[in-house]
Amino acid sequence: MKSAGGYAPARIRGHERNHGKTVASVLFLGGLGLMLFELISAVPFGSAPMQVGQAIAGEAFARTGADNIVTAILLGYRGLDTLGEVTILFTAAAAAGMVLAGAGRGEAQGQEAGFIFRTAAWMLFPFLLVLGAYIIIHGHLTPGGGFQGGAILAAAFFTPLLASPASPFNHRVAILVEGFAGLVFVVIGLAGLAKGAFLTQLLGTGTPGALLSAGSLPVLYVAIGLKVGSELAGLMARVFGEGSARS
Amino acid sequence: MTGTLLYGGAIGLVIIGLYAIVARRHLMRNIFGLAVMESGVNLLLASVGYRPGGHAPILVAGAAPGPLVDPIPQALVLTAIVIGFGVLALALALVVRVRQAYGTLDNRAVARRLRAENGEARS
Amino acid sequence: MTVLVAISVAVMLIAAIMAVALRNWLAAVAALSVVSLALSFLFALLRAPDVALAEAAVGAGLSGVLLALTLRRIGLWGGREKKGEKE
């Protein structure tokens, strides 16, 4: 039985002194976990009383024309939230860039990766690009969309940079793409004002299941995909510490 | 049974992350804790929306293939994952700068240095 | 379903404990990616394919790479956390 007060003899010095604290924090966290578990057990699994979700699932397709109901919610029902989310991501990326701007290069200089990784990175590039574009464009029909596809686009542009750090990453182009995508999103939102409110869906709902359906939602998702992709790629390149000198 | 497992897993993640934030001293470890905690909250949200026998909220050419799971928590979790990545990136950028400015990543040592600097500035 | 959920939750929790406890930084980041991967599998089991895709792409992929890059940048790549970190 270990005493929680740390009175074990000859164990007072150095990090051993903290044993009592560790035991106390583990006990506290265990108690907190039990309490949270008791609280959450009050929500019955599989039949939580949430009706708004079922209501939206029932009418989402008729109103937006998007097969993927999550997309319909993200862009049709709470498009303004999504604009805020993209803004948060932009703010985080800009703040990280500002914080790192004066940081100079990392301690370990990037060196050229091995032959296999370099070749594979360049071979992967077109496939990742196509996969990202596919996921973004089919965001209203199949799982996926602007955020997932944008992350894959960022990976597509970042992997070759990882393989050969000397290759340039053009921050100027990334910023241009990002700004243009944001502009498209806001312009579509403002165009919705003519039909009633900000971000009202335009262009009708189209044929069910067709690629060109769900009105302006796919356009919004493409804008989000480009914005997220360029933001994430720029962010990773900045943390990587390469290419920032020529921005 | 499944529900107990999922809720337990989610709360376990939150508690493990909280431990890393509260009890560990290295700033990188605190950020790991933040990421783990966020995963736990996401899992909790997603499992609250689950319905046994429900289909994924994807219609097939406009017709639901059967009862659907609740799509709203999924949209929320999608938002949370992306924002979590932004938070992680900002935290890591700050860690890089703290390392450069103070030469240490021990959160107590950094706090001491900050206190000392602020005290100097005030007196 | 229950068996799969049990296995993924167990993998996820063990990986989370490893991410907090392992002293080798790179191993801890890898454990964090395993947490995200198991979580993504759980999302897929919970019939949330959108969320599973996002977690796999952002959580397991980009977050892991970002953390590893930061480790390299602050000189912890391949290093181990010292007891009672003092530099």
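The values are calculated or read from the model by the stated rules, or taken from the named source; none is laboratory data. These numbers were taken from a predicted model, which means no experiment stands behind them. Positions of Cβ are generated from backbone atoms using ideal geometry, with glycine treated the same way; all protein chains shown enter the neighbour counts. Accessible surface areas use protein heavy atoms only, side chains included; no ligands, DNA or RNA. Shrake-Rupley method; radii C 1.70, N 1.55, O 1.52, S 1.80 Å.
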query: Can you spot a residue in the stretch B:5-22 that is in contact with a helix residue (DSSP H, G or I) (Cβ under 6 Å, 6 or more places away or on another chain), open to solvent by 10 Å² or more (accessible area, probe 1.4 Å), assigned to a helix (DSSP H, G or I) and within 24 Å of A:PHE61 (Cα to Cα)?
result: no
query: Quick one: what pairs do we get from the stretch C:1-28, first residue charged (D, E, K, R), second open to solvent by 40 Å² or more (accessible area, probe 1.4 Å), C-beta under 7 Å, 6+ apart or different chains?
result: C:ARG23/C:ARG80
- line: How many residues of the stretch A:159-174 are among the small types (Gly, Ala, Ser) and modelled with pLDDT under 75? The answer is 2
task: Examine the stretch B:29-39 for a residue that is of a type outside the set (Phe, Trp, Tyr), facing another protein chain (nearest Cβ under 7 Å) and over 27 Å from C:VAL29 (Cβ atoms), and state whether such a residue exists.
output: no
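This table checks each residue for (1) facing chain B (nearest Cβ under 7 Å); (2) touching a Lys or Arg at 6+ places or on another chain (Cβ under 9 Å); (3) under 17 Å from A:GLY225 (Cβ atoms).
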{"site": "A:GLY33", "(1), (2), (3)": "yes, no, no"}
{"site": "A:GLY53", "(1), (2), (3)": "yes, no, no"}
{"site": "A:GLU59", "(1), (2), (3)": "no, no, no"}
{"site": "A:TYR77", "(1), (2), (3)": "no, yes, no"}
{"site": "A:LEU83", "(1), (2), (3)": "no, no, yes"}
field: Yes/no for B:GLY66 being on the phi > 0 side of the Ramachandran plot, open to solvent by 10 Å² or more (accessible area, probe 1.4 Å) and either facing another protein chain (nearest Cβ under 7 Å) or at pLDDT 90 or above (or both)
entry: no
Qualifying positions in the stretch B:44-53 - more than 7 Å from chain A (Cβ to nearest Cβ) and farther than 14 Å from B:ILE72 by Cα: B:GLY53
task: Being open to solvent by 30 Å² or more (accessible area, probe 1.4 Å) and more than 9 Å from chain A (Cβ to nearest Cβ) narrows it down to one of B:ALA111, B:ALA61, so name that one.
output: B:ALA111
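Just checking, does the stretch A:67-78 include any residue being open to solvent by 30 Å² or more (accessible area, probe 1.4 Å) and touching a residue at least 12 places away in the same chain (Cβ under 8 Å)? Don't jump to the end; show me each part of the working.
Quick first cut of the stretch A:67-78, residues open to solvent by 30 Å² or more (accessible area, probe 1.4 Å) only: A:76-78.
After this cut, where a residue has to be touching a residue at least 12 places away in the same chain (Cβ under 8 Å) as well, the list is A:76-77.
For the stretch A:67-78, residues open to solvent by 30 Å² or more (accessible area, probe 1.4 Å) and touching a residue at least 12 places away in the same chain (Cβ under 8 Å): present.
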field: the stretch A:18-53, residues that are among the aromatic types (Phe, Trp, Tyr) and farther than 30 Å from B:PRO52 by Cα
entry: A:PHE28
- prompt: Does at least one position in the stretch C:75-87 carry a residue that is buried (at least 19 other Cβ atoms within 10 Å of the Cβ), in a helix (DSSP H, G or I) and within 14 Å of chain A (Cβ to nearest Cβ)?
  reply: no
task: For C:ARG47, indicate whether it is open to solvent by 10 Å² or more (accessible area, probe 1.4 Å), touching a strand residue (DSSP E or B) at 6+ places or on another chain (Cβ under 8 Å) and touching a residue at least 40 places away in the same chain (Cβ under 8 Å).
output: no
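Could you tell me whether A:ILE135 is within 12 Å of chain C (Cβ to nearest Cβ) and hydrophobic (A, V, I, L, M, F, W, C)?
yes
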task: Taking the residues in the stretch B:74-99 that are at pLDDT 90 or above and more than 7 Å from every other protein chain (Cβ to nearest Cβ) as candidates, determine which candidate is farthest from B:PHE32 (Cα to Cα).
output: B:LEU76
message: As an exercise: evaluate A:VAL186 against (1) on the phi < 0 side of the Ramachandran plot; (2) touching a His at 6+ places or on another chain (Cβ under 7 Å); (3) hydrophobic (A, V, I, L, M, F, W, C) and give the number of the one condition it does not meet.
response: (2)
- request: Would you check if there is a residue in the stretch A:183-199 being open to solvent by 30 Å² or more (accessible area, probe 1.4 Å), modelled with pLDDT under 85, in contact with a helix residue (DSSP H, G or I) (Cβ under 7 Å, 6 or more places away or on another chain) and assigned to a loop (DSSP other than H, G, I, E, B)?
  value: yes
- prompt: Which of (1) modelled with pLDDT under 85; (2) of a type in the set (Ser, Thr, Tyr); (3) in a helix (DSSP H, G or I) is the odd one out, the single condition A:SER47 does not satisfy?
  reply: (3)
- prompt: So which residues in the stretch A:35-51 are at the interface with another protein chain (Cβ under 7 Å from one of its Cβ atoms) and among the aliphatic types (A, V, I, L, M), if there are any at all?
  reply: A:LEU36, A:ILE40, A:VAL43, A:ALA48, A:MET50
field: Residue tally, condition facing chain A (nearest Cβ under 10 Å), within 29 Å of B:THR4 (Cα to Cα) and aliphatic (A, V, I, L, M), over the stretch C:31-74
entry: 9
